[in-house]
Amino acid sequence: MAEPHIALLRKGGLHILALTRVGADNRWWATAADGKPFRITRQQIVWETDIAILDSGLSQWIGEAEQVAAETDVEEAWKVVQGEVPGLSLTDLAELVWSPAVESVQIGALLLCLFTSPLRYFHPDGLMLTPLSEADVAQQIEKRAQQGQAVDEESSFIAWLGGTAEIDGWTHRQQSWLETVRQFAFEGDSSTAAKAVKGWLRQFPKTMDPQRQAFDLLVWRGEIDEDEFFTLRRLGYPKSFSDEILAEADRLAAAEITGDENRRDLSVLAVFTIDEASTVDIDDGLSVQRTASGYEVGVHISDAAALVPAVGLIEEAARERMTSLYLPEAMLPMLPRQLSEEAGSLVAGSLRPAITLLAQFNDVFELQSWELCRSQVRSACRLSYEEADAALLDASALYGLELDMLSSVAQPLRHARLVAGALEMDRPELKVRVDEDKNVAVFVNPVPTPARRLVAEFMVFMNNLVGTYLRENDIPAIYRSQDPVDMEDIPDTSVDAVRQYHILRQIRPARLGTAPGLHALLGVDPYVQVTSPLRRYTDLVNQRQLASMLDGDAPTYELEAVKAALFRADAMLRDLSRAENERQRYWIHKLMSGKLGEEFSAIVLDARDRDYVVELEAYLIRSNVYLRPGTEPGDTVQLVLQEVDTWRQQAHFRQAD
């Protein structure tokens with residue numbers, strides 16, 4: 001076994017002096033000042049010496065070397081040899097720093113100086129030390145000055161973040177750090193900035209949720225709004241369109257489309273639309289008229305494929321967004337408003353390009369034939385759902401007769417779907433609206449109204465028939481399918497909310513694919529989505545495929561291109577749907593945060609020992625609550641709101657006395 005010698009080692013990011021040896025196990029071992037041996041690798045040894053020290057005197061020797069090193073400056077020796085000597089040994093350098101007859105402690109001290117000094121004056125080359133040039137040393141000095149400035153800037157930034165200081169003139173570095181904190185506040189641990197920001201936050205009071213702490217600090221400093229919807233940023237959904245995109249939208253909106261010879265002129269039909277009163281992107285309309293043998297029903301969809309070229313800035317913007325987002329505080333359109341709300345919207349009184357389904361029914365409302373065509377239509381009237389519901393009760397009202405005929409046609413269509421296994425749930429519909437002053441209003445429509453059912457029925461009808469057309473003509477398309485629900489474990493109850501809760505837990509997500517299949521929940525096969533091309537990208541893709549075939553051209557997309565669009569759409573549409581739901585829940589919890597101590601009615605949906613799942617009747621928000629024994633699913637209970645956490649979107653209740 002070789003005699004132990006002093007060496008300089010790298011250990012834990014530091015340079016230390018230690019006594020090294022090869023042990024009986026043929027591995028390298030070292031002993032530092034604390035006298036405890038530890039294993040090392042050969043690569044950890046920076047510089048070996050021939051200095052032999054007894055274990056008993058090691059601690060004292062290292063201590064003396066460290067003290068001498070603290071008092072030693074090799075700069076003078078470097079000035080003497082720089083530019084004069086190409087290289088010298090460790091002993092030669094030691095004799096320049098001290099007088100000849102150098103002691104071993106001084107050799108150890110010199111090693112520490114060479115490798116731990118803030119400035120390096122010599123570069124090791126084997127067993128020789130090469131003096132660095134004046135330029136190299138000056139570069140180090142400049143770098144240290146910059147590092148010192150960065151440390152000062154970082155200290156003042158952290159003080160600003162904590163509210164103990166202000167920054168008069170922000171440096172580029174500080175601005176980038178602010179963006180780093182903002183990124184972490186929005187993205188959390190998935191952010192590339194997580195490690196750096198968590199390091200800064202350790203200087204503030206400890207928290208179990210650093211992301212929330214970063215968010216709260218930025219809100220406190222006025223850098224972000226307390227109601228900022230950071231999920232949009234995480235998903236990469238743009239809030240606006242660039243000037244170039246808007247200019248292109250203006251150009252496309254001004255183009256003349258309706259005079260196309262391939263387009264059937266259906267402007268004489270009494271087309272009318274039914275939507276929410278607040279809807280601005282009207283993409284579907286209906287018509288109906290008596291014929292010699294029964295009825296002709298028209299379903300007219302805005303021809304977005306004619307407005308938006310498959311290549312260009314608008315296409316890129318639509319593909320990036322994938323869908324329009326309907327948030328309580330704003331609507332973010334997939335297409336610029338010049339197209340989605342003006343040129344493409346079926347505005348009453350305006351001639352618009354459309355894709356039309358004309359379906360012929362006999363006198364007993366049996367489907368006889370149908371055709372699809374590119375058309376031009378002029379909506380004669382716009383009805384809200386409330387107006388349409390009123391007209392369904394009064395045939396003498398505006399479009400009351402037409403709505404009555406459509407209702408008669410829709411009933412057997414709906415019956416056929418139910419026979420085919422469609423699952424219809426009359427779940428209440430929740431609407432949350434937030435005005436510019438952040439006043440929150442919540443509306444719950446108890447069940448789908450007749451007008452909503454009617455419109456939905458004809459949209460399913462068209463989507464089914466378009467899917468059939470695409471399938472029969474072997475045109476690549478994005479189909480939507482869904483497996484049947486296993487109803488075996490659904491409890492037998494007369495309370496709709498309880499039944500719906502258990503059914504929803506059994507429903508598997510719908511699938512997008514290029515192969516047609518059964519959509520069990522709707523009771524149709526096949527099924528595509530094509531009726532919302534102004535606000536959903538997959539509908540636009542399918543509409544382009546349909547439109548190209550109606551014009552007698554090859555499909556706009558080959559199969560691989562459809563698969564590429566589908567791959568992006570599948571995950572993103574799901575994420576954006578969750579984002580819309582998340583935003584509704586946020587504003588509801590924000591509203592509830594001002595109602596602490598108030599009572600709310602809730603329906604018990606499920607029981608797990610005494611931990612019950614309930615749903616607030618006013619807001620359709622679910623929560624787990626500890627209730628008194630004997631409570632059963634379907635019971636209505638009174639709850640007292642105790643606490644609201646808007647960040648986690650959680651509310652805590654207790655049962656009222």
| remark: Checked segment 567-656 against the a/c 1.5 cut and the a/b vs b/c comparison, axes a ≥ b ≥ c from its Cα gyration tensor; verdict oblate
| query | When only C-alpha pairs under 8 Å and at least 6 residues apart count, what is the relative contact order of segment 253-384, in percent? | reply | 37
| remark: Dipole check, the chain, charges on Cβ (K,R +1; D,E -1), about Cα centroid: among 420, 362, 650 the Cα furthest to the positive pole belongs to 420
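Once a ≥ b ≥ c are taken as the square roots of the eigenvalues of the Cα gyration tensor of segment 399-448, is the result rounded (a/c under 1.5), prolate (a/b larger than b/c) or oblate (a/b not larger than b/c)?
oblate
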| Of all accessible surface on segment 438-533 at a 1.4 Å probe, what whole percent is carbon and sulfur? | 48
| query | If packing is taken as the mean number of other Cβ atoms within 10 Å per residue, what is the order of 411-422, 517-528, highest first? | reply | 517-528, 411-422
| Where the accessible area of segment 147-220 is counted over protein heavy atoms with a 1.4 Å probe, how much of it, in %, is carbon and sulfur? | 51
| query | Over segment 238-369, what percent of the accessible surface lies on carbon and sulfur atoms, probe 1.4 Å? | reply | 50
| field | Residues residue 624 and residue 36, FRET efficiency given R0 of 45 Å [Cβ-Cβ distance, rounded to 0.05] | value | 0.25
| remark: At the level of C-alpha centres, the distance separating segment 578-609 and segment 340-359, in angstrom, is 39
| message | Run through segment 92-193 and list the GluC sites (Glu not before Pro) located in a DSSP loop whose Cβ has at most 11 other Cβ atoms within 10 Å. | response | 166
| request: Go through 145, 208, 196 and say which Cα lies farthest out towards the positive end of the charge dipole of the chain; charges sit on Cβ, +1 for Lys and Arg, -1 for Asp and Glu. | output: 208
| task | Mind giving me the nanometre distance, one decimal, between the label points for residue 225 and residue 504, set 7 Å out from Cα along Cα→Cβ? | result | 2.8
| task | Send over a whole-number figure in Å² for the accessible area per residue of segment 275-342, probe 1.4 Å. | result | 32
| said: Taking a ≥ b ≥ c as the square roots of the Cα gyration tensor eigenvalues, with a/c under 1.5 meaning rounded and otherwise prolate when a/b beats b/c, else oblate, which class fits segment 340-498? | reply: rounded
| message | Could you order the peptides 530-541, 62-73 from most to least packed, using the average number of other C-beta atoms within 10 Å per residue? | response | 530-541, 62-73
| With each run of n ≥ 4 DSSP H residues scored as -39500 (n - 2.57), what mean residue ellipticity at 222 nm is computed for the chain after dividing by its residue count and rounding to the nearest 500 deg cm²/dmol? | -12000 deg cm²/dmol
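Check each of the GluC sites (Glu not before Pro) in segment 421-482 and keep only those in coil by DSSP with at most 11 other C-beta atoms within 10 angstrom; list them in order.
436
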| said: Multiplying the sequence separation of residue 582 and residue 60 by 0.36 nm and subtracting their Cα-Cα distance, what value in nm do you get? | reply: 181.4 nm
| remark: Counting only DSSP loop positions in segment 426-474, the trypsin sites (Lys or Arg not before Pro) whose Cβ has at most 15 other Cβ atoms within 10 Å are 438
| query | For segment 1-96, what is the accessible area per residue in Å², given a 1.4 Å probe and the full set of protein chains? | reply | 59
| Looking at (i) 3, 11, 16, 17, 14, 10, 9, 9, 7, 4, 1, 0, 0; (ii) 3, 16, 25, 22, 16, 11, 5, 1, 0; (iii) 3, 11, 16, 15, 15, 12, 9, 6, 4, 3, 3, 2, 1, 1, 0, 0, which value of P(r) over Cα pairs in 10 Å bins from 0, in percent comes from a calculation on the structure shown? | (i)
| What ranking do 372-378, 362-368 get when scored by the average of other Cβ atoms within 10 Å per residue, highest first? | 372-378, 362-368
| message | Leaving out ligands and nucleic acids, and using a 1.4 Å probe, what accessible area per residue does segment 97-169 come to in Å²? | response | 55
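The values are calculated or read from the model by the stated rules, or taken from the named source; none is laboratory data. Given the structure is predicted, the values throughout are model-derived calculations rather than measurements. With ideal geometry, Cβ positions are generated from the backbone for all residues, glycine too; neighbour counts draw on all protein chains shown. Protein only, heavy atoms only, side chains kept; ligands, DNA and RNA dropped before computing areas. Shrake-Rupley method; radii C 1.70, N 1.55, O 1.52, S 1.80 Å.
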